[in-house]
Amino acid sequence: MFCPQGLDFFCFEPVSHPVNAHHLPGHPGLKLLRQGESMRLEFSLQYKKP
């Protein structure tokens, strides 16, 4: 998450794999799709003002 101090915004990038997974043995959390395959993931983020 990127949240610059003193500013009124943040940037959140959800991922489904560990940091640096492309360079870790076994590529944990990554799924290689074959030609014609597809994959669907859903994500929900809710905010409640304090």
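We did not get these values from a lab; they are worked out from the coordinates using the rules stated. In this text the structure is predicted, and so the values were computed from the model without any measurement. No Cβ is skipped: glycine too gets one built from the backbone with ideal geometry, and neighbour counts run over all protein chains shown.
Quick notes on this structure:
- The loop-placed chymotrypsin sites (Phe, Trp or Tyr not before Pro) in the chain, going by DSSP, that have at most 13 neighbouring Cβ atoms within 10 Å of their Cβ come out as 9, 10, 12, 43, 47.
- Mean projected area of the convex hull spanned by the Cα atoms of the chain, taken over all viewing directions: 5.8 nm².
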